[in-house]
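S.K.: Dropping a structure here in structure tokens format, bear with me for questions.
The values are calculated or read from the model by the stated rules, or taken from the named source; none is laboratory data. Here the structure is a predicted model, which means the values were calculated and not measured. When we count neighbours, we look across all protein chains shown, and the Cβ atoms used for this are built from the backbone with ideal geometry, even at glycine. Note: accessible area is taken over every heavy atom of the protein model, side chains too, but ligands, DNA and RNA are not part of it. Shrake-Rupley method; radii C 1.70, N 1.55, O 1.52, S 1.80 Å.
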Amino acid sequence: MYMSADCSKVKLHGFNNLTKTLSFNFFKICYTHTPAHLHDYLRHIDEAYSAKNLQRVLCEVVDIIGANILKMSAYDYVPRGSSVTCLIAEEPILPSADVTDLHLDDQVMAMKQSTVVHLDKSHVTAHTYPESHPDEGINTIRVDMDISTCGQVSPLKALNYLIDAFDEDIIVLDYRVRGFTRDILGQKHYLDHEITSIQEFLSKKIRRQYQIADMNVRQTNTFHTRMKRLDFRLGDYLFGWGTHRFQEGELNTIEQRLKKEIDEIYCGTSCPIDQAQ
């Protein structure tokens, strides 16, 4: 049974087969003026966005959405980047054993079988993609995260935690509910909760911090949101040196380049530098 989008209780014919997937693209931008600054920045990125730190974040996500970890794998790539994959389940995790050797009641047996069946449908993943402009000192770190769940577990519960945890300049969000589940009368249900926009699940604090644009297709339960930080302070983007180490003309050029990078990523298109805001 679950509460449908119109708040009525629905008795299901079997398991809730709806798959809810929330995808994040986080972008953080910075400027490095010298090769030494770039070297130090990349070393900082390797540490701040290491597989170990991503594991910590993913464990918190799983706890927030009320799921259970089945298995986790993590890897730091050479020379850059890291990945973490976490298989999760809605049901409590039972000790590993051959079920044929155990005297389990029907409910526990069904739970264990459900855990096995749905391994490939519920997961949390994170991948990092450091990138640098070859000439202009602009550096971008992208973090991709996916939370895919089935049953009653909702990935939207982790939305505000992840935005606060990464605190990045640009955020691209995609949320989609796929498939259908069937009630005991045979009627298909394509959504089990009310939603018109991802923005509805953002805290007031976060909505005040970002410029936000939506592109939603409600007929297919597909929701897309792009976010750009409103408060631009040049000193926050300089790695290695403060603003006092630059000439005024240099600062204007660096600010123009940074804003161009941010606007292009936010809009998803390239633009001439004189159009940067």
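S.K.: Output the number of the condition that Ile206 fails; it satisfies all remaining conditions of (1) modelled with pLDDT of 95 or more; (2) assigned to a strand (DSSP E or B).
M.R.: With (1) modelled with pLDDT of 95 or more; (2) assigned to a strand (DSSP E or B) applied to Ile206, the lone miss is (2).
S.K.: Kindly indicate the residue of segment 15-45 that is surrounded by fewer than 18 Cβ atoms within 10 Å (Cβ to Cβ) and among the charged types (D, E, K, R) and also farthest from Val84 (Cα to Cα) among those meeting that condition.
M.R.: Filtering segment 15-45 for residues that are surrounded by fewer than 18 Cβ atoms within 10 Å (Cβ to Cβ) and among the charged types (D, E, K, R), the one farthest from Val84 (Cα to Cα) comes out as Asp40.
S.K.: Let me ask something else about it. Give the residue, chosen from Ile195, Ile254, Ile206, that is within 25 Å of Phe180 (Cβ to Cβ) and open to solvent by less than 50 Å² (accessible area, probe 1.4 Å).
M.R.: Ile195
S.K.: While we're looking at this one, here's another question. Among the listed residues Glu248, Glu168, identify the single one that is open to solvent by less than 10 Å² (accessible area, probe 1.4 Å) and of a type in the set (Asp, Glu). Break it down into steps so the answer makes sense when it comes.
M.R.: Numbers: Glu248 fails: open to solvent by less than 10 Å² (accessible area, probe 1.4 Å).
None of the other options fit; the residue is Glu168.
S.K.: Can you tell me which residue in segment 227-246 is nearest to Ile171 (Cα to Cα), limited to those that are assigned to a loop (DSSP other than H, G, I, E, B) and of a type outside the set (Phe, Trp, Tyr)? Lay out the reasoning, then the answer.
M.R.: To start, the set of residues in segment 227-246 that are assigned to a loop (DSSP other than H, G, I, E, B) comprises 230-233, 240-242, 246.
Those left that are additionally of a type outside the set (Phe, Trp, Tyr): 230-231, 233, 240, 242.
Working: Leu230: 12, Asp231: 14, Arg233: 18, Gly240: 25, Gly242: 26 Å.
Result: Leu230.
S.K.: Considering only residues that are modelled with pLDDT under 80, closer than 15 Å to Cys86 by Cβ and either touching a Ser or Thr at 6+ places or on another chain (Cβ under 9 Å) or open to solvent by 80 Å² or more (accessible area, probe 1.4 Å) (or both), which ones fall in segment 106-145? Before you say what the answer is, go through the steps one by one.
M.R.: Just the residues of segment 106-145 that are modelled with pLDDT under 80, to begin with: 106-121, 134-135.
Right, trim to closer than 15 Å to Cys86 by Cβ and you get 115, 118-121.
Once the filter is applied, which keeps residues that are modelled with pLDDT under 80, closer than 15 Å to Cys86 by Cβ and either touching a Ser or Thr at 6+ places or on another chain (Cβ under 9 Å) or open to solvent by 80 Å² or more (accessible area, probe 1.4 Å) (or both), segment 106-145 yields Asp120, Lys121.
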